[in-house]
């Protein structure tokens, strides 16, 4: 609990910003859904067959898993706010359409007849008689959609639209329950508050509601327009995947670039999403640079049929394939390898003179391992280690976080890990060298389009300063400072650059 | 010669190819309270709704004030014709006052004028100003239909169509509303076309009555002529079946029409006789005669019409 309060206080500003983004995305999505669904429902109520088709259609749309929908939209709408709003609109259509349709068609025919017999025109009948009668049902449809939107909008963070989902994703990534709770509770509270807001709107006069919504639209629209126009200025957007490590790296990129060219406007988009989101964003010029791993390039981006053995060869092949297939420029990688590792306590390693995984053969009888299910299951994980290094030891499957606690408490003495985990530093663990190259190579390097590289030669040379820099120890330390000591990625990045004379103070 | 206000000439109406109105010819004169009566499926409501074009005829001509209804714009036609529904169908989201002023508001009548008119009309039908801001859902069925009636009157239309307006109401409310209709009709001198399946109601209200069966008009006549000279056996049966089946439903008027009223007298007994209105029913008469030898019959304005005594009523009852 004190943890939760502390996290909340630390991130108040970020929370306000996320709330704002969340609210803006939700508002536009809801407004657009209303503007589409209600007129369509009004139009089709005289054609029950068409209405049935539309009901089915919107129903089908709603069954598409939100993640899949966001993914499907990327080729057409790219990433960021626009596809997020499109996806949310798709989900919001059904309840509003259905309720409007039902509300209008369930009006007693005799009331319609009375209106006709009074000589009302169609539009007068609609606005004076039908819509007011259907309004409670329509409003409840809007409310359903609104709750749906605010909940689903947390996924918008996955495609870089920001919002409260950022907190949840970050929380999951950093195994920080407080962050997850803050994101989730805020979303729930937002839904309740907005629901109450709709209740108030319902009690207001129709004209005042229109004026109020109109004002919000004008203010919101001009703000969005202003932001869009100001973004037209020459600007370099650097994005990073989820987590502390990419955020530290992109801060370094920014510092390096602006050190050479202070006039360049660099914007960072940390925690921007997963590999495929970032890569499509890069291709569609929504972002300009992001750090990518050599292993991931071959595996996910170019789908290479071969995997060379040495790190240098892997990088060369990835660079070549990216250039050919996607006209990308892939700058030189840093030193550290972010891959699987086998770790023991530093004291344990010293006592038994352990440097490599092979050295474990001498202490086989003493080993008690705790490993993640995934590592135990993967073909290139534990099984390959046992075969290639001819070792065998008892293993318990464990949750990733529990592993670290368990080795710290001496319940086990060997674990699997990612070679850059901050916990390695936190619990004073040593990663044993993979001298037989069992684990794949994942070296980070800046990725950008060739166009961008040509236009910004200075930025390229600045970024290349990182080539061959940053050891695994150093990145563990930096991850530790961000994840555990809660220092800002920007200050950690700057500190490293200054210390290693890559930029001046 | 006076021109008819509403005229049907060789009107046919088909639903899905099936004829429901067959060669209808009818002239309704200005100021008339014309009742269309018949059992369900006789085509009476269809006939009514073709006048304000809620239903379109299949062939033939219908004129209103000498002009074919198709020549009017729908709005013009319907503003000339008030409409009262069986389902009442007040607009549930509007207050009583808003409901009544629907048509004047569309006609851009000044709001002060509308306000005063609504108040007048409410008083006219026995609802006070306190009802202005009530919602229809808060009113009883009878009160709702009073509002329904003045909603139809508010545009000052020369014609009012009433589609079984009282059949959903309880007998008490029905009776008082029937009186109200007669009163308003006398006052505004408008032309009313009134549809009902209730023969007693037809006899009570109609200046003339049109009897319909299977889409044809069997007989059009005054209540008296219809009772005395039914055009055919169906009409006769329709009456005898409906008539006198219930003492509550036999009206003083009908007893007078059947010729059982005692002429004016001016003795002491006559002066102390309890009075009863023409629209009251026979049961009421019997209750009064239980304690007095003579009952005085008065019309709407309180004028004495004649008397019933024990003997006249017993003779009437013996004819049933």
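None of the figures in this text is laboratory data; all of them are computed from the coordinates on show. From a predicted model like this one, the values you see are computed outputs, not experimental measurements. Neighbour counts are summed over all protein chains in view; Cβ atoms, including those assigned to glycine, are modelled from backbone coordinates with ideal geometry.
Take each residue of peptide B:77-83, count the partner chain Cβ atoms within 10 Å of its Cβ, and average: the result is 3.
The angle between the Cα long axis of helix A:48-63 and the main principal axis of chain A comes to about 20°, on a 0 to 90 degree scale. For the stretch B:186-320, the percent of C-alpha pairs falling in each 5 Å distance bin, counted from 0 to the bin holding the largest distance, reads 2, 9, 19, 20, 17, 13, 10, 6, 2, 1, 0. Scoring A:295-302, A:21-28, B:291-298 by mean Cβ neighbours within 10 Å over their residues and listing the highest first yields A:21-28, A:295-302, B:291-298.
Taking every DSSP beta bridge that has both ends in the protein assembly as shown, the antiparallel portion is near 55%. Take each residue in A:123-136, count the other chain C-beta atoms within 10 Å of its C-beta, and the mean is 2. Projection of the Cα convex hull of the stretch A:2-230, averaged over all directions and equal to a quarter of that hull's surface, yields 14.8 nm².
Specify whether the C-alpha gyration tensor of the stretch A:234-293 places it in the rounded, prolate or oblate class, a ≥ b ≥ c being the square roots of the eigenvalues: rounded for a/c under 1.5, otherwise prolate if a/b is larger than b/c and oblate if not. It comes out oblate by the Cα gyration axes. Taking R0 as 60 Å, what FRET efficiency do you get between residue A:264 and residue A:42 from their Cβ-Cβ distance, rounded to the nearest 0.05? Calculated transfer efficiency: 0.70.
Against chain B, whose longest principal axis is taken from its Cα atoms, helix B:111-124 shows a tilt of about 20°.
Note on the stretch A:179-326: Kirkwood radius taken over Cα pairs, Stokes-Einstein applied at 20 °C and 1.002 mPa s, translational D equal to 110 µm² s⁻¹. If you run the Gaussian network model on chain B, springs between alpha carbon atoms under 10 Å, then out of B:75, B:191, B:61 the most flexible one is B:75. For chain A, the 222 nm mean residue ellipticity estimated from helices alone, with every DSSP H stretch of n ≥ 4 adding -39500 (n - 2.57) and the total spread over all residues, rounds to -19000 deg cm²/dmol.
With Cα atoms defining each centre, the stretch B:1-61 and the stretch A:81-132 are spaced 34 Å apart in the structure. In chain A, Cα pairs under 8 Å separated by at least six residues give a relative contact order of 15 percent. Cα gyration tensor of the stretch B:137-211, axes a ≥ b ≥ c as square roots of the eigenvalues: rounded (a/c below 1.5), prolate (a/b > b/c) or oblate? Here the stretch B:137-211 falls in the oblate category. Out of all DSSP beta bridges in the stretch A:340-432, what portion is antiparallel? Express it as a percent rounded to 5. The antiparallel proportion sits near 55 percent. Look at the stretch A:110-116: the mean tally of other chain Cβ atoms within 10 Å of its residues' Cβ atoms is 6.
Take every pair of alpha-carbon atoms less than 8 Å apart whose residues are at least six positions apart; their mean separation over the length of chain B yields a relative contact order of 18 percent. The peptide list B:135-144, A:196-205, put in order of mean Cβ contacts within 10 Å with the highest first, becomes B:135-144, A:196-205. Both radii were evaluated on the Cα set of the stretch A:346-387; the Rg over Rh quotient, with Rh as the Kirkwood radius, amounts to 1.01. Calculated FRET efficiency, residue A:211 to residue A:485, Cβ-Cβ distance, R0 = 60 Å: about 0.75 to the nearest 0.05. Normalising the average separation of contacting C-alpha pairs (under 8 angstrom, six or more residues apart) by the number of residues puts the relative contact order of the stretch A:2-230 at 25 percent. Rg of the Cα atoms in the stretch B:6-242, relative to 2.2 N^0.38 Å, amounts to 1.02.
Given axes a ≥ b ≥ c from the Cα gyration tensor, I'd like to know whether the stretch A:159-266 is rounded (a/c under 1.5), prolate (a/b larger than b/c) or oblate. Since a/c reaches 1.5 but b/c is at least a/b, the shape of the stretch A:159-266 is classed as oblate. To the nearest ten degrees, helix A:81-105 and the longest principal axis of the Cα atoms of chain A are 30 degrees apart. The shape of the stretch A:340-432 can be summarised by an equivalent ellipsoid whose semi-axes, obtained from the alpha carbon gyration tensor, come to 17, 16, 12 Å from longest to shortest.
Expressed to the nearest 5 percent, the antiparallel share of DSSP beta bridges inside chain B is 55 percent. The peptide list A:176-188, A:376-388, put in order of mean Cβ contacts within 10 Å with the highest first, becomes A:176-188, A:376-388. Compute the whole-percent fraction of alpha carbon pairs in the stretch B:250-319 spaced more than 15 Å apart. Result for the distance tail: 45 percent. In units of the rule-of-thumb radius 2.2 N^0.38 Å, the protein assembly as shown shows an alpha carbon radius of gyration of 1.55.
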